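Presented below is the structure to which this report refers.
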Amino acid sequence: MSLFKKVKDKFTSPKARISLQLSKNSFAFGEAAEAILAVSSDEVFDAQEVRAEIVCIEKARKTEYQYDSFAKRDVPRQVQESRTLYSAKLPATGTQRITQGFSKNFQVSINIPATGTPTFQSFNSRISWFVKGVIAIHGRPDVTSLPIEIQVHPPSAESDVKEKEVIREVVVIKTPCKNCGALMPETDTFCPNCGARNA
């Protein structure tokens, strides 16, 4: 390998592609999102791993006082801050030799955390969740897919509540009537057959 190619490879990604496919774009906390990573290449290289990445980012606008050299005093300015609330790397495969003409799909389960901050948007703040596919390469820039924004929400409450039905079994004891001998409930005072009093 020439020195020029070594230098060039250090700053350029391989001629490869990765795309991420999800069956849906809305998930509850604690749910597993099944994804397919489609990898193809026009170049030979060694990949450290093929993986999916998930990240939750908060962007918020706030007012900060900054020194204005023209006004010679601190003046309020609107600034936007960004911070990562959650991130995870989920490997689909380990070290992989990628050849020219390589084409393969990898399955990966993207675990949505059980707790966190749901997708949210207001005038001053935005919570966004993104997933993407990555071919990680040692010593070269990674090959990545376009990030897909997903909606993450708390799990919904059980909507169907089944009522338990209690069935009582009532046992009726019958005794013969003293007058006609027909069987009658022990709790009855008068015989339903002849009307005679039995108590």
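Summary of computed values
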| item | result |
| --- | --- |
| Candidate set: segment 58-104, residues that are of a type in the set (Val, Ile, Thr) and more than 30 Å from Phe123 (Cβ to Cβ); chosen: the one surrounded by the most Cβ atoms within 10 Å (Cβ to Cβ) | Ile98 |
| Hey, Leu22 without any contact (Cβ under 8 Å) to a residue 40 or more places away in the chain, surrounded by 15 or more Cβ atoms within 10 Å (Cβ to Cβ) and within 26 Å of Ile112 (Cβ to Cβ) or not | no |
| Strands (runs of 3 or more DSSP E) fully within segment 31-138 counting 2 or more residues that are β-branched (Val, Ile, Thr) and under 18 Å from Gln151 (Cα atoms) | 49-68, 125-136 |
| Among (1) touching a strand residue (DSSP E or B) at 6+ places or on another chain (Cβ under 9 Å); (2) surrounded by fewer than 16 Cβ atoms within 10 Å (Cβ to Cβ); (3) in contact (Cβ under 8 Å) with a residue 60 or more places away in the chain - the single one Ala114 does not satisfy | (1) |
| Single unsatisfied condition, Gly30 versus (1) surrounded by 11 or more Cβ atoms within 10 Å (Cβ to Cβ); (2) modelled with pLDDT of 95 or more | (2) |
| Per-region count, segment 11-30, residues closer than 18 Å to Gln96 by Cα and part of a loop (DSSP other than H, G, I, E, B) | 3 |
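The values are calculated or read from the model by the stated rules, or taken from the named source; none is laboratory data. What you see is a predicted model; the values in this text were computed from it and never measured. Quick reminder, even Gly has a Cβ in these numbers, built from the backbone with ideal geometry, and neighbours come from all protein chains shown.
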